[in-house]
Amino acid sequence: MLYHAYEMQRLALLPARVFAGSACSFFETAPEFLALMPGSRLAAAALASFEHPLRRFDRPAFGLESTMINGERVAVEEQVVWQGTWCALTHFRRAVERPEDATVLLVAPLSGHHATLLRETVAAFLPDHEVFVTEWRNARDVPVSEGGFGLDDYIAHVMDFLRLLGTATTHVIAVCQPAVPVLAAVALMSEDGDPPPSMTLIGGPIDTRAGPTAVTRFAETRPLEWFRHNLIHPVPLGHRGFMRRVYPGFLQLSGFMAMNPGRHFEAHWQMFLHRIAEEHEPLAAKQRFYEEYFAVMDLPAEFYLETVSAVFQKHLLPRGLMRWRGRTVDPGAVEETALFTIEGERDDISGLGQTRAAHALCHRLDDPLRQHREQPRAGHFGLFSGRRFREQVAPAIKRFIREREKQTGAMA
């Protein structure tokens with residue numbers, strides 16, 4: 001019923017939001033003498049501050065229409081190369097042929113936000129790589145008749161995509177939540193004699209016992225039934241996924257905001273002041289961030305609950321107890337896939353040590369095939385976006401992939 005109540009509240013506030021939006025438009029187009037009247041800017045800023053957070057933000061566009069290669073601007077086109085019920089695989093096709101560039105499969109998290117959250121990640125790799133990205137579908141848009149989607153299905157998708165792109169030549173990168181299913185997929189494929197050349201795990205919960213955070217403590221101190229009873233709700237009427245049980249996006253967003261309420265309040269206060277002062281550039285930058293941040297998606301209940309149980313409560317992968325469709329997942333089978341783990345010094349979601357734990361699990365890997373990086377002063381989002389990512393993290397991953405390309409080329 002909570003999801004239904006949320007939808008009813010959203011509809012109830014719709015007239016007020018429309019009025020506020022219309023009033024904002026009036027102030028923007030009003031004659032100059034009205035715009036200069038005392039209190040007009042304050043009123044316009046207050047109305048905009050009220051209206052903006054009430055919008056429903058759907059999946060934003062990547063907006064990556066070009067990239068720079070060797071100092072020249074090259075056009076980029078998004079192409080969906082595979083489409084399934086729960087995921088699409090998107091290729092950012094560059095308008096030049098560069099067969100020497102390695103292929104990268106960027107596995108986006110299925111944890112509340114759309115794959116467009118990795119826009120800067122994609123942009124950083126475009127000049128040097130053929131980039132493919134997983135785009136998970138919003139569960140509220142999937143009819144119940146299409147069946148469920150669990151952690152095993154996620155792992156299967158990763159393996160299918162690697163095989164589709166060419167396992168022997170595709171470097172896989174997992175950002176946050178996918179670290180566990182990607183490591184599981186690579187372990188299974190290694191056991192089958194079909195390993196990818198490298199995997200990079202960025203800020204992922206391989207072993208949450210290694211670096212507890214507020215997120216991990218929250219999951220560990222509540223039984224799974226608590227999550228099922230309090231966080232799982234049926235999709236209300238009006239959506240294609242009507243009656244599908246999901247972890248709603250608005251609840252996830254509430255959790256994200258609750259982790260740093262002071263920071264978000266300060267950001268919105270700054271946006272209010274920017275509006276009054278008509279400081280358009282800093283206002284636009286903050287608005288773009290929050291339009292992305294507020295664009296959340298529902299997760300299928302099966303996947304969410306299985307992830308909470310397997311990753312955060314039972315720690316199945318690091319304990320050697322994880323199974324995929326009847327098969328034991330053994331990271332020790334990884335012997336030919338180079339491993340790069342990256343953590344942020346200030347990551348309050350995946351704490352220090354959680355991702356690095358993958359090295360102990362992949363115990364058969366030789367030292368030349370493993371690297372670890374602890375990024376100073378970086379929080380969670382700073383590991384895949386922002387200045388530190390562009391200037392330090394992304395170049396380190398590219399060097400790692402180039403080195404692995406040289407190694408595999410020498411062995412060929």
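Values quoted throughout were computed directly from the atomic coordinates according to the rules given, and no laboratory measurement underlies them. Keep in mind that this is a model prediction, so the values were computed, not measured. Reconstructed Cβ throughout: ideal geometry from the backbone, glycine too, with neighbour counts over all protein chains shown.
What to note about this one:
- Inter-label distance, nm, simple model (7 Å from Cα along the C-beta direction), HIS229/GLN83: 4.3
- Sequence ranges 129-137, 243-251, ranked by mean other-Cβ count within 10 angstrom, highest first: 129-137, 243-251
- Cβ-derived FRET efficiency at R0 51 Å, GLU279 paired with ASP192, nearest 0.05: 0.35
- The Rg/Rh ratio of region 264-412, with Rg taken over Cα atoms and Rh as the Kirkwood radius over Cα pairs, comes to 1.08.
- For region 113-201, the square roots of the Cα gyration tensor eigenvalues, ordered a ≥ b ≥ c, give a/c of at least 1.5 with a/b no greater than b/c, which places it in the oblate category.
- Contour minus Cα-Cα distance for ALA214 and ALA267 (0.36 nm per residue): 16.9 nm
- Measuring nothing but alpha carbons in region 50-124 and taking Rh as the Kirkwood radius, the Rg to Rh ratio lands at 1.03.
- Highest to lowest packing among 207-218, 106-117, scored as the average C-beta count within 10 Å: 106-117, 207-218
- Near-label residues of region 312-354 by backbone N, under 16 Å of a point 7 Å along Cα→Cβ of ARG222: 312-314
- Largest to smallest principal axis extent of the C-alpha atoms in region 190-297, angstrom: 60, 42, 32
- Efficiency of FRET between GLN287 and ASP366 - r from beta-carbon atoms, R0 45 angstrom, step 0.05: 0.40
- Three-way shape call for region 72-229 based on the alpha-carbon gyration tensor, with the a/c threshold at 1.5: prolate
- Protection proxy ranking, peptides 164-170, 178-184, average beta carbon neighbours within 10 Å, highest first: 178-184, 164-170
- Cα gyration tensor shape of region 358-412, rounded if a/c is under 1.5, else prolate or oblate by comparing a/b with b/c: oblate
- Close amide H partners of ILE69, meaning residues 5 or more places away or on another chain with modelled amide H under 5 Å apart, are VAL74.
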